[in-house]
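S.K.: I'd like to ask you about the structure that follows.
The values are calculated or read from the model by the stated rules, or taken from the named source; none is laboratory data. Just so you know, these numbers come straight off a predicted model, no measurement behind them. Positions of Cβ are generated from backbone atoms using ideal geometry, with glycine treated the same way; all protein chains shown enter the neighbour counts. Side chains are part of the model used for accessible areas, which takes the heavy atoms of the whole protein and leaves out ligands, DNA and RNA. Shrake-Rupley method; radii C 1.70, N 1.55, O 1.52, S 1.80 Å.
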Amino acid sequence: MTYTQTQDSSIGRARHHDDEDALRLLESDGTRVAEPTLDPWVSDLSPHELRALHRDMVLTRRLDAEGVALQRQGQLALWAPCRGQEATQVGTAHALAPGDFVFPSYREHGVLLGRGAQPADYVLAWRGEEHSAYDHTTINAAPPQIIIGAQSLHATGWAMGAQRDGSTDVAVAYYGDGATSQGDVNEAMVFASSFRAPVVFVCSNNQWAISEPVTVQSEFPLAGRAPGFGIPSLRIDGNDALACVAAMRWALDRARRGEGPSFIEAVTYRMGPHTTSDDPTRYREPGEVEAWAERDPIARLEAYLRAEGMLDDGGLAEVARAADALAAEVRAACIGATTRAPETIFDHVYAEPHAGLAQQKADYAQYLAGFEVSR
Amino acid sequence: MTALTLGAAINAGLSEALESDDKVLLMGEDIGKLGGVFRVTDGLQKRFGAQRVVDTPLAEAGIVGTAVGLALRGYRPVVEIQFDGFVYPAFDQIVCQVAKLHYRSNGRIRMPLVIRIPWAGGVGAAEHHSESPEAYFVHTAGLRVVAASNPQDAYVMLQQAVASDDPVIFFEPKRLYHSKGEVDLDADLSDAPPMHLARIAREGTDATIVTYGAQVRTALDAALAAEDEGISLEVVDLRSLSPLDLNTIAASVRKTGRVVVTHEAAREAGLGAELVASITEQCFEYLEAPPMRVTGHDIPYPPSKLEKHHVPDLDRILHAVDRVLDRGAGAVTAAATPAGVRIDGGVR
């Protein structure tokens with residue numbers, strides 16, 4: 001097993017909600033540190049790739065801010081903010097190949113960005129126009145999952161299919177720390193392990209499942225569970241983009257070489273509420289949020305890139321302009337959305353004709369037509 | 001034509017499906033070397049290999065959830081839930097994922113998944129082995145729900161279910177697994193009646209019995225017994241529980257003017273309630289008597305020594321037939337009424 005955390009369970013229990021023992025390549029101030037497990041996986045990252053990583057994290061944060069703003073302005077019914085988790089999402093997504101397939105939760109805006117989602121893809125579901133706006137075949141991403149952890153099984157099944165096809169495609173399941181308590185996630189690990197399925201489980205341990213701290217989900221580090229299923233794991237600093245790229249490359253490489261599933265616990269922090277309906281001031285202390293703000297993933301990578309001479313004020317301004325442009329496109333897609341005709345609610349329930357539903361659709365169309373006549 | 005048990009007919013249907021499409025694969029607990037606890041998949045792993053007939057970990061949500069992923073990858077999984085009462089751990093995956101992915105994705109994602117469930121009671125089984133959960137699935141949009149009542153239908157409908165691009169809950173009446181019938185193994189599937197159509201299992205003129213699954217046989221026995229008393233009963237075998245073939249049902253009820261619906265699932269909000277409501281809406285002016293339901297009671301499935309009091313039998317069906325025919329109604333008192341037969345609008 002690659003899981004290298006302390007075997008002293010008392011230490012693990014006391015500190016597992018923190019990131020101090022998580023593997024990292026960048027300190028909070030951007031200082032590059034050596035880490036033998038992760039180092040080899042990022043040694044070839046070019047300045048261009050590093051800047052792209054930074055750019056996508058900035059874009060994700062701007063997109064997220066726009067989502068919150070659109071909700072506050074009444075344009076979206078709900079939004080699930082991802083501020084603080086940009087490195088985990090963007091870093092892991094950057095490591096993927098086009099043929100890989102992700103199974104995201106509802107918070108994975110940065111992952112979708114990495115898969116090439118279009119502006120409308122981010123907002124139409126939250127606006128209530130579509131359940132899943134994007135074409136899963138275009139961006140190789142399943143519809144965002146609301147039922148906690150259900151997608152871990154879909155990813156495992158998809159991986160079993162890829163394995164049968166003899167391809168090197170890998171499935172990735174994204175979920176939070178709360179999901180690790182779900183039966184589906186545990187059953188997914190059983191199936192993945194038993195069939196050596198090429199799947200990567202990315203657990204974004206953002207410390208909170210709505211109001212429940214991660215200590216309610218587990219007394220022991222989440223990464224410590226996977227080896228019990230026969231799945232190697234890494235516990236990494238989820239606010240360190242380089243560590244996220246490295247861990248994901250490690251896991252993808254294992255999967256492509258037929259070594260089966262891997263588990264990554266990315267220790268990060270959800271800076272905002274669970275959703276725009278949530279009030280985190282009821283359950284967490286301001287000091288905790290401030291402490292995590294000092295470990296900000298974007299500031300960290302930015303400091304590193306500046307120190308290395310790979311990013312300057314001009315570059316930053318350019319990234320900021322790109323972020324504003326994306327936000328404007330997302331806003332336009334949101335506000336410009338048109339609601340479909342009422343009878344479309346009956347469409348696509350079945351792939352083939354269903355007599356009962358066809359009758360209901362016809363009855364309802366007739367009912368609606370009555371209003372047209374009376375006008 | 002070949003005489004086959006219902007179990008063997010399903011095995012033959014699975015074999016055909018595996019043979020004709022290499023994207024079809026079977027998944028379930030004990031379905032490989034053992035051939036399933038009812039031996040329905042007997043010999044299939046030996047013939048098609050462990051990659052096509054997959055022995056899975058013992059986890060129902062895992063079986064169905066991974067099948068969802070396989071379907072997303074282009075496969076057509078046929079999963080076996082070992083017993084009806086074991087489907088509940090997979091309930092979320094079935095009703096939230098399998099049923100809804102086509103809708104959620106605006107029709108982009110197909111879920112050509114078959115979930116086979118050995119189903120219902122009458123075999124003296126242990127707790128959780130005799131349940132009738134069909135109403136849960138019929139109530140869920142996005143699922144097709146079918147129930148075979150004889151080997152020929154089992155053979156054909158199984159293949160039709162596999163070929164469907166919609167997810168199908170395929171109920172197999174376990175007390176008929178060993179009952180034999182003629183099966184045309186060479187039948188052209190394109191000529192077979194589609195699985196969404198009901199079947200007139202027996203023609204009659206005095207009253208219609210609407211039923212499905214193992215109760216078809218009980219209803220046919222009742223019709224045979226009624227014939228001795230000069231009563232002609234028509235028996236409609238639904239085959240498809242969702243969608244319901246209301247055209248066939250309504251045509252029969254309009255002909256006879258009287259209807260008894262029977263199933264062994266519990267009564268409250270069961271399929272019988274839906275059938276009676278739809279029949280009343282569509283055939284009200286043809287009805288000579290209020291439709292009646294003969295069902296299991298609103299209880300958990302009882303211990304096997306008492307199950308004969310739960311599963312509607314020939315006598316309970318005939319009692320309801322008497323009621324809809326107004327025969328001997330005065331002689332039937334509330335105290336003498338077998339439980340489960342509703343005789344007035346009051347207390348059940």
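S.K.: What ratio of Cα Rg to 2.2 N^0.38 Å holds for segment B:168-300?
M.R.: Computed over Cα atoms of segment B:168-300, the ratio equals 1.07.
S.K.: Which of the lysines could a cross-linker span from B:Lys308 if the Cα-Cα distance has to be under 19 Å and same-chain partners fewer than 8 positions apart are dropped?
M.R.: Hits, sequence-local ones excluded: B:Lys174.
S.K.: Taking the Cα centre of chain A as origin, sum charge times position over the Cβ atoms of Lys and Arg (+1) and Asp and Glu (-1), and report the length of that vector in debye to the nearest 20.
M.R.: Here the size comes out at about 480 debye.
S.K.: Ordered by packing density, taken as the mean number of other Cβ atoms within 10 Å over each peptide's residues, highest first, how do B:284-295, B:139-150 rank?
M.R.: Most protected by this proxy first, the peptides run B:139-150, B:284-295.
S.K.: Going by a ≥ b ≥ c, the root eigenvalues of the Cα gyration tensor, does segment A:105-155 fall in the rounded group (a/c under 1.5), the prolate group (a/b larger than b/c) or the oblate group?
M.R.: Because a/c hits 1.5 or more and a/b fails to exceed b/c, segment A:105-155 counts as oblate.
S.K.: Once neighbouring chains are kept in place and the probe is 1.4 Å, which whole percent of the accessible area of segment A:73-220 is contributed by carbon and sulfur?
M.R.: 50
S.K.: On a 1.4 Å probe surface of the protein chains, which of B:Arg267, A:Arg331, A:Arg32 comes out largest in accessible area, and what is the full order?
M.R.: Largest to smallest exposure gives the sequence A:Arg32, A:Arg331, B:Arg267.
S.K.: A:Glu27 versus A:Asp324, label points 7 Å from Cα toward the beta carbon: distance in nm?
M.R.: So the label points at A:Glu27 and A:Asp324 sit 3.5 nm apart.
S.K.: Next question, about the same structure. So if I take the alpha carbon set of the protein assembly as shown, get Rg, then get Rh from the Kirkwood formula, what is the Rg over Rh ratio?
M.R.: Rg divided by Rh gives 1.05.
S.K.: Please compute the Kirkwood hydrodynamic radius over segment B:30-70, one decimal place, Å, based on all pairs of different Cα atoms.
M.R.: 10.6
S.K.: Given just the C-alpha atoms of segment B:59-188, how large is their convex hull per residue in cubic angstrom?
M.R.: 103
S.K.: Continuing with this model, one more query. Can you work out D for segment A:142-207 in µm² s⁻¹ from Stokes-Einstein, where Rh is the Kirkwood radius over C-alpha pairs, the temperature is 10 °C and the viscosity is 1.306 mPa s?
M.R.: D = 135 µm²/s.
S.K.: With r defined as the distance between the Cβ atoms of A:Ser181 and A:Ala77 and R0 fixed at 22 Å, what FRET efficiency is calculated, to the nearest 0.05?
M.R.: So, using R0 = 22 Å, E works out to roughly 0.20.
S.K.: Which of B:Ala198, B:Leu224, B:Pro77 sits closest to the plus end of the dipole of chain B, meaning its Cα is farthest towards the positive end, when Lys and Arg get +1 and Asp and Glu get -1 on the C-beta?
M.R.: Projecting each Cα onto the dipole axis, the largest value belongs to B:Pro77.
S.K.: Related question: Per residue of B:96-109, count partner chain C-beta atoms within 10 Å of its C-beta, then hand back the mean as an integer.
M.R.: Across B:96-109, the average partner-chain Cβ count within 10 Å equals 6.
S.K.: How big is the shadow of the Cα convex hull of chain B, averaged over all directions, in nm²?
M.R.: 17.6
S.K.: Still on this model: Of all the accessible heavy-atom surface of chain B, with the other protein chains kept in place and a 1.4 Å probe, what percent is carbon and sulfur?
M.R.: 52
S.K.: Taking the Cα atoms of segment A:58-152, what is the range of coordinates along each of the three principal axes, in descending order and whole Å?
M.R.: The principal-axis extents, from largest down, are 37, 26, 24 Å.
S.K.: Heavy-atom accessible area per residue, the protein assembly as shown, 1.4 Å probe: how many Å²?
M.R.: Result: 39 Å² per residue.
S.K.: While we're on this one: Just name one of B:Pro173, A:Pro286, A:Leu50: the one whose Cα is farthest towards the positive end of the charge dipole of the protein assembly as shown (beta-carbon charges, Lys/Arg +1, Asp/Glu -1).
M.R.: B:Pro173
S.K.: To the nearest 10 square angstrom, what accessible area does B:Asp42 show with a 1.4 Å probe?
M.R.: Solvent-accessible area, nearest 10 Å²: 90 Å².
S.K.: Now for a separate question. Can you compute the radius of gyration and Dmax for segment B:1-78, using only the Cα atoms, both in Å?
M.R.: 12.4, 39
S.K.: When the scattering of segment A:241-375 is computed by the Debye formula from its Cα atoms alone, each counted once and equally, what is log10 I(q)/I(0) at q = 0.20 Å⁻¹?
M.R.: -1.22
S.K.: Chains A and B: how much accessible area gets covered up at their contact, both sides added, probe 1.4 Å, in Å² to the nearest hundred?
M.R.: 3600
S.K.: What translational diffusion coefficient, in µm²/s and rounded to a whole number, does the Stokes-Einstein relation yield for chain A at 20 °C and a viscosity of 1.002 mPa s, taking the hydrodynamic radius as the Kirkwood radius over Cα pairs?
M.R.: D, rounded to a whole number, is 99 µm²/s.
S.K.: Within the protein assembly as shown, what percent of beta bridges assigned by DSSP are antiparallel, to the nearest 5?
M.R.: 20
S.K.: In addition: So how far apart, in nm, are the two label points at A:Ala365 and A:Arg306 if each is 7 Å from Cα heading toward Cβ?
M.R.: 6.2
S.K.: Please get the size of the charge dipole for chain B, origin at its Cα centre, with Cβ charges of +1 on Lys and Arg and -1 on Asp and Glu, quoted in debye to the nearest 20.
M.R.: Taking the Cα centre of chain B as origin, the dipole is about 780 debye.
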